[in-house]
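Below is one structure, written out as structure tokens; comments come after it.
A short reminder: the numbers here are calculations on the coordinates, not readings from a lab. Here the structure is a predicted model, which means the values were calculated and not measured. With ideal geometry, Cβ positions are generated from the backbone for all residues, glycine too; neighbour counts draw on all protein chains shown.
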Amino acid sequence: MGKLTDDYLGQVERSLETDPSTRDQVIQELRGAMDEKLGALARERPEAPIEDLEKEILNDFGSPTDLALAYGPEGVHLRRASGEIALKLGRAVGRGTKQIIKWGAIVGAVALLLGIGLGIWAFYEAAPYVEGIVERQVYREAYSVQEFCSPDACNGQRGPQSFALTDGARQVRLDVDIDADHAGRAGGSVEVLFLDPTGQTKYARTFNLTSDAFYREELRWEPVEGEYTVSIEYHDFVGEFGLIVSTIGGRI
Amino acid sequence: LRVKVLPWNEERKHFREKLDKERRSGILALVLLVALDRTGPEYGYRLLKAIEERTQGRLVIKEGTAYPLLQKLERGGLASTYWSEASAGPPRKYYQITELGRQVAREASDDWRTLASSVSDFLDGFGR
């Protein structure tokens, strides 16, 4: 027997998954069978090259891995079996991955459509709700006056100025801010009078300003429909004066 | 949408090949078993030659099929084995049918004859 047979049997041996004793017996039996067959063929065809006869015999035995596999579960070809298991696992994983990708794409598409739908709904329908939230939370200016009386003092009356609140306003807020100028100059006085639409005085105060005094006031009332009036009168007032009337609620 | 790994035709082909292989394997195992019963203890090469001669070359079992089947007969307790030195060459593994093997061979032979006869009659009947 030549190298071809040795190589063939080597492959069978490596492919057989069985205990060493059984493996040795299988190889020995196969080698014996091949040897005997080769002898018979050589007698039948003495002119034929041994290598050709050897190839013919090995061809009859089939592929070494198939032969090893044919020995069944107890002589199974491990690498092939592992390969098949890996293939099955791969197929299962492949199916799982495809399912995940498929459902991921579907969920993504649905989420995208929902997002687009929500966006359209928000654009047309949710705006009033958002506005409502803004209206409920944000103050909007209804009237303001700011005057810098420095370095020259301010004198005289400003107003009365009238203004109306927007429809639906739920609160009126008055902020008064009186302070020295940026150089710290301050002096004189200022009178503030704030009347509601009924003519009732909501706020009236005279501020005497010095360099170490400043005022900040914040007052809130329930709104009354109609026009509010603000009057401001300066007496040698040096400094900065600010007044803001704002509301919560109402149409933007 | 279910994604099949193998196209249906390939699945069918694979299934048919498996059936054919099992059918052949079963029939050839029966042939080997019956041959062992007729010849008495014999080693693989001579057993295959005996089958070939007995059937006048109509039934040739390839070695790659025969030796694994012989080992299965041994594992199944249908044949026992022993090694014997040869006058020339390596030792030979001899197979000998067991009582269980003989019983199985009888039953399987009867089954085969019944099946072959029935199938043959059926085919003949449809062939007219």
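Structural remarks
- Mean shadow area of the stretch A:1-58, taken as a quarter of the surface of its Cα convex hull (nm²): 3.6 nm²
- If you model the stretch A:140-252 as an ellipsoid using its alpha carbon gyration tensor, with each semi-axis the square root of five times an eigenvalue, the axes come out at 27, 14, 11 Å, biggest first.
- Residue-wise HN-Hα couplings along the stretch A:42-52, as the Karplus relation 6.51 cos²θ - 1.76 cosθ + 1.60 with θ = phi - 60° gives them from phi, are 5, 6, 5, 10, x, 7, 6, x, 4, 4, 5 Hz; Gly and Pro carry x.
- Long-range HN-HN contacts of A:E17 with modeled amide H, under 5 Å: A:V76, A:H77, A:L78
- Cα point-scatterer Debye curve for the stretch B:10-128, base-10 log of I(q)/I(0) at q = 0.11, 0.12 Å⁻¹: -0.44, -0.52
- For the stretch A:204-252, the extents of the C-alpha atoms along the principal axes are 41, 18, 18 Å, listed from largest to smallest.
- Computed label-point distance, nm, for sites B:R54 and A:L4 using a 7 Å Cα→Cβ extension: 3.1 nm
- Each label was represented as a point 7 Å from its Cα along the Cα-to-Cβ direction; for A:S63 and B:F126 these points are 3.4 nm apart.
- Spatial offset of the stretch B:45-96 relative to the stretch A:1-47 amounts to 14 Å, using the alpha carbon center of each.
- Given A:K3/A:K37; B:K13/B:K49; B:K62/B:K93, the pairs whose alpha carbons are separated by over 26 Å: B:K13/B:K49
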